[in-house]
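The values are calculated or read from the model by the stated rules, or taken from the named source; none is laboratory data. If you're wondering where the values come from, they're calculated on a predicted model, not measured in any experiment. Every residue, glycine as well, gets a Cβ built from its backbone with ideal geometry; the counts of neighbours run over all protein chains shown. Heavy atoms of the whole protein, side chains included, go into the accessibility calculation; ligands, DNA and RNA do not. Shrake-Rupley method; radii C 1.70, N 1.55, O 1.52, S 1.80 Å.
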Amino acid sequence: MKIAALIVAAGRGERAGGGIPKQFRLLGDKPMLAWSVDAVRASPLIGRVLVAAGPDDGERLEALGVARDSWIEGGKTRTESVRRGLEALASDPPDAILIHDAARPGLSQAMIERLCKALADVQATAPALAVADALKSADAERLVTDDVSRVGVWRVQTPQAFHFAPLLEAFRSTEANAAFDDDLAIARAAGMSVRLVDGDAQLMKVTMPEDFSLAERLLCGGGTPCVGTGFDAHRFGPGDHVTLCGVRIPHDKGLVGHSDADAAWHALTDAILGAAGEGDIGDHFPPTDPQWRGADSGVFLRHAAALVSRAGGRLTHVDVTVICEHPKVKPHREAMRVRTAELLGMPLSRVSVKATTTERLGFLGREEGLAAQAAATVVFPA
Ligand code: CTP
Ligand code: MG
């Protein structure tokens, strides 16, 4: 199933204040919008990512690595921003779409998986939380006029996920200025089947000024840092390049291995699995299994990162060291860093790639092969 993500970020954040639209304000170590963009980019389930933003937000988006062809100008209302996003995708339509508020930075991989899975049975779905407080209705003077039952009442969050074609049809047959609370309401009005799945307190919407510190505490605060380490070595063999951190580096030899022999990403995968207490790469991808022959090691790394995220952990820092005499890694270091950060959905500042030699000592010094070691830090909820 081809799944796209539309992140609506064209609001001006009037209620949150702060001088710039709230989605571009820092939350922890990155702008709020980057939290959602990184989450959908890191998901193997999601293909195209589109952001709806304000007409003057181009530079801010570029700073987040959102290229011009990955964003469109949103509209005056949220519904209008969504409509424009859907129309922009209509020429090459996905099968399904996740529509998400940039104002909800706490999107986990587990939630993306839950929503995509739910689309097998229904045409639309969204995360929702049961109401814990008592509900009252009151008049303009706040005199209580009624008790409201909370039985069967849910607080609905985003992302809201839909089969694309019927949703586009629903928006096209909805009047431009019709008022709907969310996209689910438009889908339901058009007769689409809708089911709620378990929501997540971390998906809170940042609306008022005080919500920033709450979101920061939820997403960045406390927790137990766990550090994992990994090591891998591969023998040189015939070939004309090696692959390190997903980057093809020309060399007069290749690396021998069952997969693409990317020792750097293998070491990093082991480091992440180590931090999560999830065994090692061989447990998850046995070298005896023919399906991993020549495999792109990005698959292994994504798998390890998804395990961390499913366990509620947050990968906060990775550091990789390649050990070899040749090829010289330095000219490729930045590309390796960028590739790793992209794949893991991490800010570049939290991804380190280094290289060293063994002063011609040992099997690495004799250039019989190449090795890599890595460390990964994962913060788990306290
Ligand atoms: N949004 C949008 N286009 C609009 C209005 C809102 O894309 N014309 C997006 C916001 O950027 C946000 C989400 O819809 O990610 C939810 O909206 P809200 O929390 O109301 O954000 P703002 O409209 O920016 O805030 P405010 O209403 O306080 O101005
Ligand atoms: Mg608004």
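The single residue among 138, 187 that is open to solvent by 50 Å² or more (accessible area, probe 1.4 Å) and not hydroxyl-bearing (Ser, Thr, Tyr) turns out to be 138. Can we say residue 215 is open to solvent by 40 Å² or more (accessible area, probe 1.4 Å) and not polar (S, T, N, Q)? Spelling it out, it is not the case that residue 215 is open to solvent by 40 Å² or more (accessible area, probe 1.4 Å) and not polar (S, T, N, Q).
Considering only the stretch 165-172, I want to know if a residue exists there that is open to solvent by 30 Å² or more (accessible area, probe 1.4 Å), assigned by TED's automatic domain parsing to the domain that holds residue 33 and in contact (Cβ under 8 Å) with a residue 60 or more places away in the chain. Checked the stretch 165-172: at least one residue is open to solvent by 30 Å² or more (accessible area, probe 1.4 Å), assigned by TED's automatic domain parsing to the domain that holds residue 33 and in contact (Cβ under 8 Å) with a residue 60 or more places away in the chain.
Inclusion of residue 72 among residues that are under 14 Å from the mean Cα position of the chain (by Cα), away from ligand 2 (no atom under 16 Å from the Cβ) and among the hydrophobic types (A, V, I, L, M, F, W, C) is not warranted.
Within the stretch 38-61, track down each residue that is among the hydrophobic types (A, V, I, L, M, F, W, C) and touching a residue at least 40 places away in the same chain (Cβ under 8 Å). Walk me through how you get there before you give the answer.
Taking the stretch 38-61 first, the residues among the hydrophobic types (A, V, I, L, M, F, W, C) are 39-40, 42, 45-46, 49-53, 61.
Hits for the stretch 38-61 are 39, 40, 42, 45, 46, 49, 50, 51, 52, 53.
Just checking, does the stretch 248-259 include any residue being part of a helix (DSSP H, G or I), open to solvent by 40 Å² or more (accessible area, probe 1.4 Å), out of contact with any Leu (no Cβ under 7 Å at 6 or more places or on another chain) and touching a residue at least 40 places away in the same chain (Cβ under 8 Å)? Checked against the condition, which is being part of a helix (DSSP H, G or I), open to solvent by 40 Å² or more (accessible area, probe 1.4 Å), out of contact with any Leu (no Cβ under 7 Å at 6 or more places or on another chain) and touching a residue at least 40 places away in the same chain (Cβ under 8 Å), the stretch 248-259 yields no hits at all.
Okay, residues lined up against (1) assigned to a strand (DSSP E or B); (2) of a type in the set (Lys, Arg); (3) open to solvent by 80 Å² or more (accessible area, probe 1.4 Å):
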residue	(1), (2), (3)
342	no, no, yes
360	no, yes, yes
363	no, no, yes
375	yes, no, no
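Among the residues of the stretch 8-32, just one is away from ligand 2 (no atom under 15 Å from the Cβ) and under 13 Å from residue 107 (Cβ atoms), namely 27.
Close contacts from the stretch 1-23, counting a first residue that is over 14 Å from residue 212 (Cα atoms) and a second that is in a loop (DSSP other than H, G, I, E, B) and within 15 Å of ligand 2 (Cβ to nearest atom), with Cβ to Cβ under 6 Å and a gap of 6+ residues or different chains, come to 7/102; 9/102; 10/54; 10/74; 12/21.
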